[in-house]
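Below is one structure, written out as structure tokens, with a few remarks after it.
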Amino acid sequence: MLPLATLALVLPQPMVPAQAQAAPVLAQWEADRDERMAWWREARLGMFVHFGLYSPAGGKWDGKVYPQHYAEWIQHWAAVPCAEYARQMKPLFQPEPGFAEAWAELASDAGMRYAVMTSKHHDGFTLFNSKEPYSLANEVAGGTNISPAGRDIAREFADAMRARGLRPGFYYSLLDWQHPDAYEMALPAYPKPTHTRDHAKYKAYMRGHVEELLTNYGPLATIWFDYSDTERQGEAWGATELLTLLRTKQPRIVVNNRLYFGLENKLGDYGTPEKYVPPTGLPGMDWEVNHTLNESYGFSAHDANWKDTGSVVRLLCDIVSKGGNLLLNIGPDAQGRVPEPAQRALRGLGAWMRTNGEAIHGTQASPFARLPWGRATRKGSTLYLMVFDWPADGRLRVPVKGKLKSFLTLEQPLASLGTREDELGLELFLPKHAPDAACSVLKLTFDGTFEALPFAVTPAADGTLTLLPFDATLSGPSLKVEQVGAIEDVRYNLGYWIDASAFASWPIAGQRAGTYRVVAELACKDESAGAKCTLACGDARITFDVAGTGGWQQYRQVELGTLTLTAERNVLELRALSMPGEAVLNLRSLTLLPR
């Protein structure tokens, strides 16, 4: 995978002329995409496996720990010449018999439907037994094939996955740090070839590899290409020829979009955001988040920042509710053993999926723009509500209209749960305690169609209105929702408010008429203090000056004043009247407390 510093540069770009050359082949892919993608859209969850010569190193070289998050880049971090890398690592890469069956069991039990393993990563070594001349023997590293004598790791993987009912696929790196005719991405220590590189030879080499994968390992779910940038994309890799090869050898296969630059470009069957979830999904395209159970993709002996089951469950629910798939990575060690914390998380996910899998497999994105308590998916006339924050008062608001036929929790079906309908939609009456601490799923089945109502912030049982960043509609330039922290401790704020014409608004409904104290959790660098802002709802408004708090992430609770609200559906608007510094403010929340 790519280091985070590189990922920050990988943004969607305008189409380049080279892409037009692939148009006829891409048109063929488009014609039957829905049919080819049907299983993928139903699956929603797959396993990613990073396994290779970097696995024995475990993020360490010659006794030195490299703390970077991507242990599969150890050859890069430690600037190891290819020959030395191969000499030290090849003897240590010894997958135990049955390793692939253990992976397949974990994946199947976790509710995964497909699995993708690295067939060749950036270091250029192959886990399939290639007969390409350079793979069989070369002067750089001796040869690229690393399966122990008499074995084929790629075949063991594919066979084990199929035996458990999963569809196997292969990751293939377009980048290659050792091939003498690859593009200029080698490191000085390798050393770089001194001859003029013949890129046509490298493209032929890649094509030969891909043909072997398509020919020798049975029907594949996907070929998962990796790495393009502004200088190397599309026809630099021979995209038309590769796509034609895929189409010829395996017409039902699906392919990701990384033959071209931009993680969210549409030239492929599905987009591939890496280690992040697009806040509103990627409308108009299929997409798959690839994510890790700790920070690294490859095995790291020192990376102990493991996600627990609850974090993984909520990550999956978040992605599927936005219409995406999750490709969840494991990084086995040199023997193919999956670290115990990763096994625990996957077993926990499996236990949750055995009860709640129907809310994941075969579902579509949530019909709701936002839900303050969790996420949702749908399947026909059924709604699945994924409740992260179980209501303390046992009352859950769902902005939906329709004739409700049944309502139950998947964890422990109850016949006595009650409902109430009003202009805001449904109010569900729930047990006092959540059936599942990570995420409880409610199943609502309607008689016919249902309608998702426009989003509005509604009050808690005590009448408090809490306005959060993702509940806001943002207008004008620059202002956006920023994310700070990891999945386990992520915080959001409105930020990058560098244009005073931008503003945020929140629809509200169901509030009691009366006067409310307004408290903001905000931050501002001292040097940028002094912006004047107004918070208005109809004719009621508060004007306040923004004081410095010590930094853009140094938050304070600030009393802004009082607002008098009516009981009607309305909109609260936060605007800047002046901005003397570099930005207006950062905002985590606005809380309106009835007096």
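The values are calculated or read from the model by the stated rules, or taken from the named source; none is laboratory data. The structure displayed is predicted, hence computed values, not measured ones. Quick reminder, even Gly has a Cβ in these numbers, built from the backbone with ideal geometry, and neighbours come from all protein chains shown.
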Quick test of your reading of the structure: Ser300 fulfils all but one of (1) in contact with a helix residue (DSSP H, G or I) (Cβ under 8 Å, 6 or more places away or on another chain); (2) crowded, with 20+ Cβ neighbours inside 10 Å; (3) of a type in the set (S, T, N, Q); (4) closer than 28 Å to Pro469 by Cβ. Name the failing condition by number.
(4)
When the range 45-65 is examined, which residues are found to be under 20 Å from Asn329 (Cβ atoms) and among the β-branched types (Val, Ile, Thr)?
Val49
I need a count of the residues in the range 261-288 that are part of a strand (DSSP E or B) and modelled with pLDDT under 90.
1
Just one listed residue, out of Lys249, Lys275, Lys322, is of a type in the set (D, E, K, R) and over 23 Å from Thr377 (Cα atoms), and it is Lys249
Looking only at helices (runs of 4 or more DSSP H) that fall completely inside the range 59-131, which ones have 2 or more residues that are of a type in the set (Ser, Thr, Tyr) and outside the structural domain of Leu293 (by TED's automatic domain parsing)?
none
Kindly provide the set of residues from the range 91-114 that are under 25 Å from Thr309 (Cα atoms) and more than 24 Å from the chain's Cα centre (by Cα), ordered by number.
Phe99, Ala100, Glu101, Ala102
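Please count how many residues of the range 230-288 are closer than 22 Å to Tyr183 by Cβ and among the hydroxyl-bearing types (Ser, Thr, Tyr). Steps first, please.
Filtering the range 230-288 for residues closer than 22 Å to Tyr183 by Cβ gives 230-246, 255-263, 265, 267-268, 272, 274.
Keeping just the survivors that are among the hydroxyl-bearing types (Ser, Thr, Tyr) gives 230, 240, 244, 260, 272.
The total comes to 5.
I need the full set of residues from the range 90-108 which are among the aliphatic types (A, V, I, L, M) and surrounded by fewer than 16 Cβ atoms within 10 Å (Cβ to Cβ), in order please.
Leu92, the sole residue that qualifies.
Being surrounded by fewer than 20 Cβ atoms within 10 Å (Cβ to Cβ) and out of contact with any Ser or Thr (no Cβ under 8 Å at 6 or more places or on another chain) narrows it down to one of Glu521, Glu559, so name that one. Steps first, answer last, please.
Values: Glu521 fails: out of contact with any Ser or Thr (no Cβ under 8 Å at 6 or more places or on another chain).
Being surrounded by fewer than 20 Cβ atoms within 10 Å (Cβ to Cβ) and out of contact with any Ser or Thr (no Cβ under 8 Å at 6 or more places or on another chain) holds for just one of Glu521, Glu559, which is Glu559.
Condition check ((1) touching a residue at least 60 places away in the same chain (Cβ under 8 Å); (2) outside the structural domain of Arg33 (by TED's automatic domain parsing); (3) over 21 Å from Asn129 (Cβ atoms); (4) in a helix (DSSP H, G or I)) across all residues:
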residue: Pro219; (1), (2), (3), (4): no, no, no, no
residue: Trp224; (1), (2), (3), (4): yes, no, no, no
residue: Asp229; (1), (2), (3), (4): yes, no, yes, no
residue: Arg232; (1), (2), (3), (4): no, no, yes, no
residue: Glu235; (1), (2), (3), (4): yes, no, yes, yes
residue: Leu242; (1), (2), (3), (4): no, no, no, yes
residue: Arg247; (1), (2), (3), (4): yes, no, yes, yes
residue: Leu259; (1), (2), (3), (4): yes, no, yes, no
So, in the range 475-512, of the ones that are in a loop (DSSP other than H, G, I, E, B) and without any contact (Cβ under 8 Å) to a residue 12 or more places away in the chain, which residue ends up nearest to Glu423 (Cα to Cα)?
Val490
Evaluate the following for Gly548: is it part of a loop (DSSP other than H, G, I, E, B), in contact with a Pro (Cβ under 9 Å, 6 or more places away or on another chain) and either of a type in the set (A, V, I, L, M) or at pLDDT 95 or above (or both)?
no
Among the numbered conditions (1) modelled with pLDDT of 95 or more; (2) polar (S, T, N, Q); (3) touching a helix residue (DSSP H, G or I) at 6+ places or on another chain (Cβ under 9 Å); (4) within 30 Å of Val484 (Cβ to Cβ), tell me where Asn256 comes up short.
(3)
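Yes or no: Gly331 touching a helix residue (DSSP H, G or I) at 6+ places or on another chain (Cβ under 9 Å) and small (Gly, Ala, Ser)?
On the way: touching a helix residue (DSSP H, G or I) at 6+ places or on another chain (Cβ under 9 Å): yes; small (Gly, Ala, Ser): yes.
For Gly331, the condition - touching a helix residue (DSSP H, G or I) at 6+ places or on another chain (Cβ under 9 Å) and small (Gly, Ala, Ser) - is met.
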Of the conditions (1) in contact with a Lys or Arg (Cβ under 7 Å, 6 or more places away or on another chain); (2) under 16 Å from Val387 (Cα atoms), Gly463 satisfies every one except a single condition; which number is it?
(2)
Take Gly530 and tell me if it is part of a loop (DSSP other than H, G, I, E, B), at pLDDT 95 or above and either exposed (fewer than 15 other Cβ atoms within 10 Å of the Cβ) or outside the structural domain of Val312 (by TED's automatic domain parsing) (or both).
yes
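For residues that are in a helix (DSSP H, G or I) and more than 22 Å from Gln178 (Cα to Cα), tally how many sit in the range 28-58. Working first, answer last.
Taking the range 28-58 as the starting set, the residues that turn out to be in a helix (DSSP H, G or I) are 28-31, 33-43, 54-57.
Of the ones still in play, those that are also more than 22 Å from Gln178 (Cα to Cα) are 28-31, 33-43.
Residues that pass the stated criteria total 15.
For the range 163-192, how many residues meet the condition of being closer than 23 Å to Asp229 by Cβ and either surrounded by fewer than 15 Cβ atoms within 10 Å (Cβ to Cβ) or hydrophobic (A, V, I, L, M, F, W, C) (or both)? Steps first, please.
First, pick out the residues of the range 163-192 that are closer than 23 Å to Asp229 by Cβ: 170-192.
Next, only the ones that are either surrounded by fewer than 15 Cβ atoms within 10 Å (Cβ to Cβ) or hydrophobic (A, V, I, L, M, F, W, C) (or both) stay: 170, 174-175, 177, 182, 184-189, 191-192.
Going through the range 163-192 one residue at a time, the tally reaches 13.
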Residues that are of a type in the set (S, T, N, Q) and at pLDDT below 95: list the strands (runs of 3 or more DSSP E) wholly contained in the range 326-445 that include at least 2 such residues.
400-409
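Against the definition (in contact with a strand residue (DSSP E or B) (Cβ under 9 Å, 6 or more places away or on another chain), surrounded by fewer than 20 Cβ atoms within 10 Å (Cβ to Cβ) and among the hydrophobic types (A, V, I, L, M, F, W, C)), how does Phe450 come out, yes or no? Give the derivation first.
Details: in contact with a strand residue (DSSP E or B) (Cβ under 9 Å, 6 or more places away or on another chain): yes; surrounded by fewer than 20 Cβ atoms within 10 Å (Cβ to Cβ): no; among the hydrophobic types (A, V, I, L, M, F, W, C): yes.
It is false that Phe450 is in contact with a strand residue (DSSP E or B) (Cβ under 9 Å, 6 or more places away or on another chain), surrounded by fewer than 20 Cβ atoms within 10 Å (Cβ to Cβ) and among the hydrophobic types (A, V, I, L, M, F, W, C).
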Filtering the range 261-273 down to residues that are surrounded by 19 or more Cβ atoms within 10 Å (Cβ to Cβ), in contact (Cβ under 8 Å) with a residue 60 or more places away in the chain and not aliphatic (A, V, I, L, M), which residue is nearest to Gly324 (Cα to Cα)?
Tyr270
